[in-house]
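> I'd like to ask you about the structure that follows.
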4 protein chains.
Amino acid sequence: MAGNTFGEIFRLTTFGESHGSAMGGVVDGMPAGIWVDTARVQEALDRRKPGQGALTTARKESDTVEFLSGFHPQADAQGRRQTLGTPIGFVIRNTDAHSKDYDALANTYRPSHADYTYEAKYGLRDHRGGGRSSARETVCRVVGGALAQALLPADLHIHAFVQRMAGVGIPEAAQFDVAKAFLHPTGCPHPETAEKMEAALLALKDAGDTAGGVIRCHVAGVPAGWGEPVFDKLHARLGYALLGINAAKGVEFGSGFAGSDSTGSQQNDAFTGVGQTATNHSGGIQGGISNGMPLEFSVAFKPIASIRQAQQTVTREGDSTTLEITGRHDPAVLPRALPIVEAMTALVLADFYLAQRHQLNA
Amino acid sequence: MAGNTFGEIFRLTTFGESHGSAMGGVVDGMPAGIWVDTARVQEALDRRKPGQGALTTARKESDTVEFLSGFHPQADAQGRRQTLGTPIGFVIRNTDAHSKDYDALANTYRPSHADYTYEAKYGLRDHRGGGRSSARETVCRVVGGALAQALLPADLHIHAFVQRMAGVGIPEAAQFDVAKAFLHPTGCPHPETAEKMEAALLALKDAGDTAGGVIRCHVAGVPAGWGEPVFDKLHARLGYALLGINAAKGVEFGSGFAGSDSTGSQQNDAFTGVGQTATNHSGGIQGGISNGMPLEFSVAFKPIASIRQAQQTVTREGDSTTLEITGRHDPAVLPRALPIVEAMTALVLADFYLAQRHQLNA
Amino acid sequence: MAGNTFGEIFRLTTFGESHGSAMGGVVDGMPAGIWVDTARVQEALDRRKPGQGALTTARKESDTVEFLSGFHPQADAQGRRQTLGTPIGFVIRNTDAHSKDYDALANTYRPSHADYTYEAKYGLRDHRGGGRSSARETVCRVVGGALAQALLPADLHIHAFVQRMAGVGIPEAAQFDVAKAFLHPTGCPHPETAEKMEAALLALKDAGDTAGGVIRCHVAGVPAGWGEPVFDKLHARLGYALLGINAAKGVEFGSGFAGSDSTGSQQNDAFTGVGQTATNHSGGIQGGISNGMPLEFSVAFKPIASIRQAQQTVTREGDSTTLEITGRHDPAVLPRALPIVEAMTALVLADFYLAQRHQLNA
Amino acid sequence: MAGNTFGEIFRLTTFGESHGSAMGGVVDGMPAGIWVDTARVQEALDRRKPGQGALTTARKESDTVEFLSGFHPQADAQGRRQTLGTPIGFVIRNTDAHSKDYDALANTYRPSHADYTYEAKYGLRDHRGGGRSSARETVCRVVGGALAQALLPADLHIHAFVQRMAGVGIPEAAQFDVAKAFLHPTGCPHPETAEKMEAALLALKDAGDTAGGVIRCHVAGVPAGWGEPVFDKLHARLGYALLGINAAKGVEFGSGFAGSDSTGSQQNDAFTGVGQTATNHSGGIQGGISNGMPLEFSVAFKPIASIRQAQQTVTREGDSTTLEITGRHDPAVLPRALPIVEAMTALVLADFYLAQRHQLNA
């Protein structure tokens, strides 16, 4: 219940505060004999890394993952190593934490941050950085997600992309390749929209303001039958995973909120074959169980709370004060959140993939 | 992982198929010495009961809950009984299941139902009713939720209401009392909107069609400090709980999807006191932890899939066929889903209420 | 943590107090498509049933289990029904509870019973019967265990027998058939010893006293590879399961306590083939994982605390008093505990059987 | 179920193979604001450390624990730091692993080791050292246990000692101080017995043989009310914890196996006051719940399987062969197992200590 472990069978436990010495975690439940290319784990981390352009924080972290256990010592010709079935421990050192930046915050609550709620919960708080509520914690999720991907079937592909940011969205009729989100710093795979987004985001940044937006995720290759019919519906577990990402404030599956304004005759997905439907308003899930069509879902992210404008707030004693946040912050969380959305999706799917083996009674 | 238990400390396990002999469950983790008025549990069930008007299915169930354990035999003057700290077992008999209505469906997959996904998952299926994917299962959640409410602080109030249905929504500026949702069969507490909704819904019903909509929920009295900062964020657990309700396709907190189009300077909730903010765009949650302001969130429900119109589908052998669903079905799930939204919310909050006791290190 | 659920993948949740209206439970995680002969579940219950002779309590319960969910309605020619993959709910009504017998106990703590510890834990207590600490609760475990047995491989055989009771034990060199425990009311499969045991037990009963003893369990047909190497060692999970049985005070595997006085050269089990050893001092488990040899373990049961002799005790106010327990009680728990030992063993094995499917990476 | 996490509320997750680069773990569920003296954690590790005399393996590890998260940066005058309520990650580097010693074992199964069962389970194995089945893993349990001790009430004292080893046991009537186990390399607090044990152990060592024995544990200061009445009985959880220690083959509580030969009139613990009994045959637990008397229990350890004598075994291909184990090994596991018994006990008690807070309904 302390909530630092995710998953039931394939389990990721994470630790580490933003301004402590290291982040790290343990993946438990990885079966033995899975070939893992650790270079690909590092690639996933690199896509999340800060300090890569005007759209992200200037904090520089090498974000190099060190694996401490779980792999057979012998690598194959491609440098891949086999899992031993034992827990995979890993550590990522924090190297560029500017704790001094936070000294002014020791006695003041930043609006829409977790400063106050942390103190209300724990009675004390390390005011340097956001502790566990910092997005820095997600570096461990990316490692866990990359390991989950290594377990999942090779033809299962997870692609998240920025659909909407700073008020600019991909037009509904637009054609684009979901796999190309990482080619543009915005994370938007539709080049024309990406440029408008970037301009809008930089304008906000210049004004000391920040943006929110929507990430859409598309998963191909999930076979029919994953998920459970009651509390552990596939989309309920995905929603749980995605709402656990920093700044996420909403999630929807298939037609989602828009579909709730429609009618049954418009929304129903007519079968054209066993496991094939003419439309995919259901987003690949019916009754909480995958139906063989691609999974489709969106995550809404609020604008980052660390703005470079004067804000009204109170001190711990309740006195009114004005706060100006300095430090290094992203103007929007979305581009760097893409690998995190993919990671959390992979973690959920790995769990259901293994759970479905319980049903093999041939 | 089989997913029929909800919660970590305060746990509800449910069983029962729509057309079997009974529904039932077990609540484990209820502390000893809590006074429970079982008449109020029955009231909650009655609000969810079918057969109460033109807007709900004609299936008639008395939905009388029988408690089998967990209470001290002696009642007080108000008829309340004390919990023993032992698991509370309960049963609700199924009495009006029309299994014959489903005979035509044995070999055909209903569009946007769980028929196909069930078979893909389990390899076999009882075609009478929806089994565990039927909304009938939620009767047990209402019992569990009512017990959770008995545990929660007396000044914590959960109010769900229909905000939007059949394309008709409460205007943004409208004033209304969230506690009055149950006065109208639509579940909408704004009388003018409720009448328009009802008309729109009956028109769809006449056309053999069905509606979706959005339920909003408002929770007053949650103290600051509930929830966990990483995977078990308060809204992540709520999202998990709410997306596990039948036909739910989306969930959002505070400003949600709309807020993602806004900016940080507009969205941030300025502090006006310790635990008080000028606005509540955060929906009462910051960094996954309650901040003392009311919780605010919405759930999107898709239109019910059982329409009384001819639909294209396939048989288990993959042959194209046309399906006409008879049987008794609601034109919209929302009015009867209100007590379920409240129940799932109560279950999540009971868990965090007890979890927060771990932090009492005075 | 409230501790009324056993198992991780194959899970049994139980409810019911000794003198309430019913006992019952839910089995979750049973895969779909398993053929279950419910008559065999009832057989297992009948072997545990009280009122069957001079060696057991006179309380008479029909102990008829009613299954409420989880099975396909159609039975095959042998009367077997297939599981649906949904939770199996069941109820067993209490019919012969003599609550009046307990009135004298409302204000007094019975020595070596759970009366005092219950009050210390919960702050209140239903003094009629032992509540959840009564052996009556185990009726639900027998149902769960019988369902687990239906899932386990057909050639996996679990046989518990009374090895020692009332100070009388089977001689070390004796030959006997472990499958014949149920032919004698003592539960001892060695006829000569069984008669001595019975005589010793009846002598104690006549003196108003009670006996303890040791149950040995032998499991054939467990393949190599079940269990986990660290916390969830096969014998650690078995020990947990067995020590949860009423009156159990110890458990040992293979040579157990006697083996701890031996040396490595004497205790090591030399391999005679892959998965075959010359001796079985390890009791079929090495490093927490089954090795393909039969599992062998013992459970020590203390003498029943309800003796028909005057005992010194105190009231709730701390005043000294003398207590004479009336009511109906067994002179020894062991004969009726045999099916419970077998049930708990089956529950543990079902869990590891399903868990091992996670490793199938062919 | 992969079994590398222990506990429900206070949870320890461990990772690391005997011959990998590091051992480590995460403690989750530690409340905020607990003052921890990390020097005392290191002391506990030092008591378990190898290379401290003729009675333990010559493997030399500094066993220095590095804490990576979970503590407030500011220490008090005594060097203690406060927990943040966040997970505590830690790492202990492996520095003296002689992997070469194991090359001869790549293709051969050591008798009564986990070599064969590992392969049967996982399909592959890192033959260097025992992987996760090595006692090296327990270094992480000692860290977790020391943190649990910091949480537990200050007047709760856990003392394990070697009661019997190499066939030599403390006489029943002997008087000794349980707190003095660590003054002698055998771990036996009765000086006269300790010397006989040491002599017997060294004689076995000279003969290339190994010893087993029994550790007794005494816990003072557990208040009445900890534990759960059904599956999670206090002794069932303790048994689970203790049987998860390497080489443990049995566990008993209070009078244990000996008590099972006794009668109810002899075994019952007469009350002399509320929460006080004349005897303690129950070992401080009745009905699975602590009764306020000291906890008393024993753990049986088999002799270490790594003997320096020729042994019969088979290769992976099933061919008979003779094996001579070299490498560095303890002649008995017991002296170094004392801090592990204490650690596992502390982990179980920390869990129940926090769980009991759920019952505070004042």
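Every number here is computed from the coordinates shown, using simple stated rules; none is lab data. Source: prediction; values computed, not measured. For neighbour counting, all protein chains shown are included, and Cβ atoms are generated from backbone atoms with ideal geometry for every residue, glycine included.
> With springs connecting C-alpha atoms under 10 Å apart, model chain A as a Gaussian network and identify which of A:Leu147, A:Leu183, A:Leu334 has the largest mean-square fluctuation.
A:Leu183
> With each label point set 7 Å from Cα along the Cα-Cβ vector, what nm distance links B:Arg316 and A:Glu172?
Result: 3.9 nm between the two label points.
> In chain B, what residue has the beta-carbon at the shortest distance from the axis of the rotation relating B to D, and what is that distance in angstrom, rounded to the whole number?
Result for the axis mapping B onto D: B:Arg357, 2.
> How do A:Asp46, A:Asp126 line up, fewest other C-beta atoms within 10 Å first?
So the ranking, lowest neighbour count to highest, is A:Asp46, A:Asp126.
> Additional query: Can you list residues from other chains, or at least 5 along the same chain, whose modelled amide H is less than 5 Å from the amide H of C:Val333?
C:Ile304
> As I understand it, the dipole of chain A uses +1 on the Cβ of Lys and Arg and -1 on the Cβ of Asp and Glu, about the Cα centre. Which of A:Leu347, A:His19, A:Pro185 lies farthest toward its positive end?
Towards the positive end, the residue furthest out is A:His19.
> Enumerate the calculated ³J(HN,Hα) couplings along the range C:16-26 in order (Karplus 6.51 cos²θ - 1.76 cosθ + 1.60, θ = phi - 60°), each rounded to whole Hz, writing x wherever the residue is Gly or Pro.
x, 9, 3, 10, x, 7, 7, 9, x, x, 9
> Using 7 Å Cα-to-Cβ label points, what is the B:Gln42/A:Asn280 separation (nm, one decimal)?
5.0
> I would also like to ask the following. Plugging the Kirkwood radius over Cα pairs into Stokes-Einstein for the range D:176-228, at a temperature of 20 °C and a viscosity of 1.002 mPa s, what D comes out in µm²/s?
162
> Sort B:Glu324, B:Glu228, D:Glu195 so that the residue with the fewest other Cβ atoms within 10 Å of its own Cβ comes first and the one with the most comes last.
Arranged by neighbour count, lowest to highest, B:Glu324, B:Glu228, D:Glu195 become B:Glu324, D:Glu195, B:Glu228.
> Largest first and in whole Å, give the semi-axes of the range A:3-361's equivalent ellipsoid, each being the square root of 5 times a Cα gyration tensor eigenvalue.
Those come to 33, 27, 20 Å.
> Additional query: Helix B:234-243 versus the longest principal axis of chain B: what is the Cα-based angle in degrees, 0 to 90, to the nearest 10?
10
> Follow-up. Would you calculate the separation in nanometres between label points at A:Thr95 and D:Thr326, each defined as 7 Å from the Cα along the Cα-to-beta-carbon direction?
Inter-label distance under the simple model: 4.1 nm.
> Now for a separate question. Viscosity 1.002 mPa s, temperature 20 °C: give me the Stokes-Einstein translational D for the protein assembly as shown in µm²/s, with Rh taken as the Kirkwood radius over C-alpha pairs.
After rounding, the answer is 65 µm²/s.
> Sticking with this structure for a sec: Under a 10 Å cutoff between Cα atoms, tell me which one of C:Gln312, C:Gln163, C:Gln42 has the largest fluctuation in the Gaussian network model of chain C.
C:Gln312
> Quick one: of D:Lys49/D:Lys205; B:Lys180/B:Lys205; A:Lys180/A:Lys249; A:Lys121/A:Lys180, which pairs are farther than 31 Å apart, Cα to Cα?
Distance filter (> 31 Å) returns A:Lys121/A:Lys180.
> In debye, nearest 20, what is the charge dipole magnitude of the range B:200-254 about its Cα centre with +1 on Lys and Arg Cβ and -1 on Asp and Glu Cβ, if you could check?
Rounded to the nearest 20 debye, it is 60 debye.
> Might you report the magnitude of the Cβ-based charge dipole of the protein assembly as shown about its Cα centre, with Lys and Arg at +1 and Asp and Glu at -1, to the nearest 20 debye?
Using only the charged Cβ atoms, the result is roughly 0 debye.
> Counting only helical runs of four or more DSSP H residues, what would the 222 nm mean residue ellipticity of chain A come to if each run contributes -39,500 (n - 2.57) and the total is spread over all its residues?
The helix-only estimate for chain A comes to -7500 deg cm²/dmol at 222 nm.
> In whole Hz, with x marking every Gly and Pro, tabulate ³J(HN,Hα) for the range B:189-196 from phi via Karplus 6.51 cos²θ - 1.76 cosθ + 1.60, θ = phi - 60°.
x, 9, x, 4, 5, 4, 5, 5
> Continuing with this model, one more query. Just the projected area, averaged over all directions, of the convex hull on the alpha carbon atoms of the range A:278-362: how many nm²?
That works out to 10.7 nm², a quarter of the Cα hull's surface.
> Let me ask something else about it. Note down, for the range C:79-200, the three equivalent ellipsoid semi-axes (square root of 5 times each alpha carbon gyration tensor eigenvalue), biggest first, whole angstrom.
The equivalent ellipsoid of the range C:79-200 has semi-axes of 33, 27, 13 Å.
> Another question, if that's okay. Of the residues D:Glu66, D:Glu17, D:Glu137, which exhibits the maximal mean-square fluctuation in a Gaussian network model of chain D defined by a 10 Å Cα contact cut-off?
D:Glu66
> Moving on. When the dipole is taken about the Cα centre of chain C, and only Lys, Arg (+1) and Asp, Glu (-1) are charged at their Cβ, what size is it in debye, to the nearest 20?
So the magnitude is around 420 debye.
> Kindly give the distances from C:Ala278 to its copy-mates, label point to label point, with each label point 7 Å from Cα along Cα→Cβ, as nm values to one decimal ordered shortest first.
5.3, 7.5, 8.6
> Now, a different point. What is the ratio of the Cα radius of gyration of the range B:197-328 to 2.2 N^0.38 Å, where N is its residue count, to two decimals?
My calculation over the Cα atoms of the range B:197-328 gives 1.46.
> Assume the label is 7 Å from Cα along Cα to beta carbon: what separations in nm does A:Ala173 have to the matching positions in the other copies?
Distances to the matching label points in the other copies: 3.5, 9.7, 10.3 nm.
> Tell me the distances, shortest first, between D:Glu195 and the same position across the other copies, using label points 7 Å along Cα→Cβ, in nm to one decimal.
So the label point of D:Glu195 gives 5.4, 9.3, 10.2 nm to the other copies.
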